[in-house]
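Note sheet for the following structure.
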Amino acid sequence: MKTSSTRHCALAVSVLVTVLLAGCGATGPAFKPIDAPTDGRGVVYIYRQSSGLGAGVHGTVRANGKPVTDVKNGGYFPYVGAPGPVKFEITTEATNEAIVNVEAGIEKFLKVTVGMGFFVGHLHLTEVSPDIGKKEIADTKLLEPAKP
């Protein structure tokens, strides 16, 4: 049987972990699609659904080697680019990449998930269909662009 002080200690630890992880998620405005580019470019929505699994794990997504955004739990970012293949990559302990063929005026969705790692969770990039992407991105919040 647990003592009262053991229960209080467990509750305090739970509250502390919750407070610490709260700062690890996206805090921007709720998801809102951007206007479709009319200048011949396309958009790739990079997003990560909110989850307790690996909540504190984050990493910078790069497009063709240039930083785009730091992907956090429950966040999204619209990458707008010229048509053609774009190599997206993200690194924690390991690097993961995905090639997305950007198309003029078309929305694409690039999902970030967390997998097992040795010390830190590994972030994975997967292109998903617009039907899946539109459903999953609905509860995310806007992330900041990467700092140059």
Inter-site label distance for S129 and V80 at 7 Å from Cα along Cβ, in nm: 2.9 nm
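Within a 10 angstrom radius of the beta carbon, how do V61, V102 rank from fewest other beta carbons to most?
V102, V61
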Cβ-based exposure ranking for K134, K141, K108, in which fewest neighbours within 10 Å come first: K134, K141, K108
Sequence of T38, T140 once ranked by neighbouring C-beta atoms within 10 Å, starting from the fewest: T38, T140
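What size of dipole, in debye to the nearest 20, comes out for region 26-142 about its Cα centre when the only charges are +1 on Lys and Arg C-beta atoms and -1 on Asp and Glu C-beta atoms?
180 debye
Read-outs: derived from the displayed coordinates by stated rules, not from any lab. Keep in mind the model is a prediction, meaning the values are calculated, not measured. Cβ atoms come from the backbone with ideal geometry, glycine included; neighbour counts cover every protein chain shown.
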